[in-house]
Structures are given as C-alpha cells and as structure tokens.
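Read the structure below first, then the notes.
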Amino acid sequence: MSIEHHFCRDIPVIDLSVGIAGRICVDIDNFIAELKKLARSSPGIISLNMSSRDFLNSSGLADLIKARDRLFDEGIEIVLINPTEKVKSLLAIIGVEEFFRIFDDENELKKAE
C-alpha cells in the first residue's frame, strides 16, 4: 500500500478524500504501517487532510482513534486539517476532540510548533 501525500514544511499531509462508506481505509493496520514509515522523515507529526470527508461512521471513527493510539505510543502525533463541521461535531459528541490538534488549513499548520 502506498499513501498519496505531500509535505507542508517537513510534515506529511495525507489527503483522506478517498474512503469506503465512511471509513478511513479498508485495511487500517496496513494504513498505520504506512503512516509510521512516513513519520520517519517528519518531526513526529502526521497530518490528515479531512476537508473532503463529509462524515465518518463508527468504523471510520474507530480507525482514526486506533491510528492515533498506535502512533501516539511511538511518539508520533496525528493532527487533522480542515475537518468538516459534521466530523468536528462527531469528535465532540464522542468526547475525543482533545485527542487531536485541529488546524483550519495547511497555512495554520505551517505556523504551528
């Protein structure tokens, strides 16, 4: 599996525009392994561009939390870029919004420490 990405400063940005029925990906374990590889060349941060994701179902939310937990255990932070209001609301309702730093766009990410 190869993840399409670009860099903002030295931080990999993964566009999550493609998804399967509200999920992050089909094989989350493989996705996490690829994120770990990308993180080797970053300052310990991986960013997920959520702007094209209108929603996440319970499986998609579970995928996101699983990825966050696995990477966090290895000192890698997942940040979210431009999640839709629906996704932000879901994160708040479930009570996991503080698990992720959220940026409005890549320019805001560039300014972050």
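Some notes on this structure:
- Per-residue Cβ neighbour rank within 10 angstrom, fewest leading, Ser58, Ser47: Ser58, Ser47
- Ranked by the mean number of other Cβ atoms within 10 Å of their residues, highest first, the peptides 36-43, 49-56 fall in the order 49-56, 36-43.
- Using R0 = 25 Å, the C-beta based FRET efficiency linking Lys88 and Ile65 works out to 0.95.
- From phi via Karplus (6.51, -1.76, 1.60), per-residue ³J(HN,Hα) for segment 40-57 in Hz, x at Gly/Pro: 4, 9, 10, x, x, 9, 10, 10, 10, 7, 9, 4, 9, 9, 5, 7, 10, 8
- For Lys110, the lysines whose Cα falls under 23 Å of its own Cα, not counting residues fewer than eight places away in the same chain, are Lys36, Lys37, Lys88.
- When mean projected area of the Cα convex hull in nm² is calculated for this entry, the matching label among (i) 12.4; (ii) 9.3; (iii) 6.3 is (iii).
- Average Cα contact separation per residue, the chain, under 8 Å, 6 or more apart, as relative contact order %: 26
- Three-way shape call for segment 40-87 based on the alpha-carbon gyration tensor, with the a/c threshold at 1.5: oblate
All of the numbers you see were taken from the coordinates with simple rules; none came from a lab. None of the values given here were measured: they were computed from a predicted structure. In this analysis, Cβ positions are derived from the backbone assuming ideal geometry, glycine residues included, and neighbour counts consider all displayed protein chains.
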